[in-house]
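Engineer: I have a structure I would like to understand better, so I am pasting it below and will then ask my questions one at a time.
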Amino acid sequence: AVLSDSLHLCAQEERRLRVLACFKVTEDVVLEDSLRVGIDGSLLGCTYNALYCRSCGVILGFNLYSSSSDLAYLRGFFCLFKDCILCYFLTTKTTIDGSEMTFPALNLNRKLSKLKEQLVIIHVRLEILIRRLEELNWQNMADKQGCSSRTACLKPERARIKSNN
């Protein structure tokens, strides 16, 4: 069964737990309704929902509900045990055991910085478009009212009076 793809890999590989954290999984991964509590091992004191394979019923991983501060970054993600999955490479059409795979660390800071830059550019463009629309609106209203001079129909804050002083 297909569980997820590398596009949804969203957190650095947690080496201590040997899991891959995914933002999204397929419908072949079932989230157990009841919460479990870790009573030993790496999930000691954590509450989580187990993840099952829909086709074979094997526990594939977990979805943390609450955890200690060192695992807090995994809360809400679908954590798949590397030992329970096979990875399929589309380019070579080969399968390899997940435990043999190393996944590169994701640099979220770089991605966030790039996203912020793009948002600023979009914001500036929107402001320019809004100003242009306002000007066109005022021009349209002036044309409808048949104003003879340019300043006669301007908004009060846009009209300027020149003094000779």
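Laboratory data are not the source of any read-out in this text; all were calculated from the coordinates shown. Nothing here was measured: the structure is a model prediction, and the numbers come from that model.
Engineer: Please list 3J(HN,Hα) in residue order for region 85-95, calculated via the Karplus relation 6.51 cos²θ - 1.76 cosθ + 1.60 where θ = phi - 60°; whole Hz, with x for glycine and proline.
Structural biologist: 10, 10, 9, 10, 9, 5, 5, 9, 6, 10, 10
Engineer: Residues with amide H under 5 Å of Val19's amide H, sequence separation 5 or more or different chain, H placed in the peptide plane at 1.01 Å from N; which?
Structural biologist: Here Glu14, Lys82 satisfy the definition.
Engineer: Taking H as built 1.01 Å from N, whose amide H comes closer than 5 Å to the amide H of Gly61, not counting residues under 5 places away?
Structural biologist: Leu51, Phe81
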